[in-house]
Amino acid sequence: MLGVWLLLWASVALGGRADTAFLRRAHDSSGHCTYSFTVASPVEAACPEAAGGVPELRAELAALAARLSRLESRERGAGGSGPRGAEPGGARDPQQVAAASRLEAAENGHRCALLQWEGAPGSCPRYRHFGGSSPARSPPRAAGAGRRCGGWLSPAHAVPGPAAAPRWEPQPLSYQELQSERTELPVSRLLEETALGRPGKEDSGCGQLLWVGEPAVFGRADSIAGKYGVWMKDPEPVPPFTRDNTWRVDTVGTEVRQLFQYEEAEQLARGYPAKVHILPRPLESTGAVIYRGGLFFQPRQSRSVARYDLRGETITAEREIPGAGYHGQYPYSWGGYTDIDLAVDETGLWVIYSTEKARGAIVLSKLDPETLEIRRTWETNIRKRGVANSFLICGTLYTVSSYSAPNATINFAYDTATGTSRALSIPFENRFRYLSMLDYNPAERQLFAWDSFNMVTYPVRLSRA
């Protein structure tokens, strides 16, 4: 019987992992030897402790198994059948009996240590084989049903009687009920500062500009008319238009009247407009914006601002900006008749220009988007010809140092809330070396730009207000 069990133990060790099968020896009341095994489950194979285990105990256990094998071979030669009992008429050698007792005591101590290790919290589930079918965590039985290890009764390892047939089968696994709790944590400032999308009413998302990322190309003009231009999305569209609608104007020419409408930005990238609007009056330069269902632009060779209704396809409002320079009097440094520049931010519609009274310094006016009436005006100390372009975020004007230098900067900021300006040095990349349009879209939380035939976007990061 010992040879069969040892053969099984060897097959487990060779067929799987040699350090995941455990041999245990015990005997019944009649003195017959019985061996049992503990084999690691598939789950245990992934556990750190299964890989290392308790190598000292396993090594000693293997040595004990070899010694028991030799001892029982000698006993069978002497007519015995086990270390504690003998067949009728068999002689027993006192030295063999004493040696067997010592081996049994040592083996029992190792077995107890293994049992305690297996029962330790956090140990992995195992497949166990016993002569009987007692569950691994069954209630304690009578004192004679199992062996005590240091005062701890382990009925799971109770030794079966001679009639029990050995079986290999997985023991039922115990499951622990898991409970989860949800704790609400404040979102990190970094996520708030870089989040895209329209800010809600409870959080306008306003703050100071901290960073401008690298440009991403959205589309490219395919003719000389698109060397300069303007492309836009409506941050507050009205039906039937949505934020997916994209608009574009190529501004090279003396009669710029075509406004291209795209259902989505991908259509713009392919160059196939869904509709072309013909403006009643020609547009001048790249200062136009789309806002609340209207195109706001400077009509050619005038100091006026007009609103073109996208649904009715008519001009619904037009107003002159008092004293504003036009047609090359106070443009940005790149030229292009950029005297009057319109902008949109979280607070509404703006016009950026200069006057003779301001001596070429940038003047800001807040406009009513329906009537184009000027609500309030600010005069800055930033020379308009000294900057390449400008845009507004949360009521603060920002300017760009160069339209052609690859490593330009956002160099000035003017805060309309305090009426003060400050110098900045935020890196800004002119990838294609000719920036002719730059606007902020508060819904997209990005800068839209036109850089030498290329329509690009820049991600931005704002501080918390």
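The values are calculated or read from the model by the stated rules, or taken from the named source; none is laboratory data. Quick caveat: nothing in here was measured; it's all calculated off a predicted structure. Ideal geometry is used to build each Cβ from the backbone, glycine not excepted, and the neighbour counts take in all protein chains shown. Accessible surface is based on the protein model in full, side chains and every heavy atom, while ligands, DNA and RNA are left aside. Shrake-Rupley method; radii C 1.70, N 1.55, O 1.52, S 1.80 Å.
Working from Cα pairs under 8 Å separated by at least six residues, relative contact order for the range 265-320 is 24 percent. In the complete set of protein chains, residue-level accessible area for Trp211 is approximately 100 Å², probe 1.4 angstrom.
Solvent-accessible surface of the range 203-462, averaged per residue with a 1.4 angstrom probe and all protein chains in place: 39 square angstrom.
When each of the peptides 332-340, 365-373 is scored by how many other beta carbons lie within 10 Å of its residues on average, the order from highest to lowest is 332-340, 365-373. Return the lysines within reach of Lys384: Cα separation strictly under 23 angstrom, same-chain partners fewer than 8 residues apart disregarded; answer none if there are no such residues. Partners within reach: Lys227, Lys357, Lys366. Ranking Phe453, Phe432 by solvent-accessible area of protein heavy atoms (1.4 Å probe, all protein chains present), from largest to smallest, gives Phe432, Phe453.
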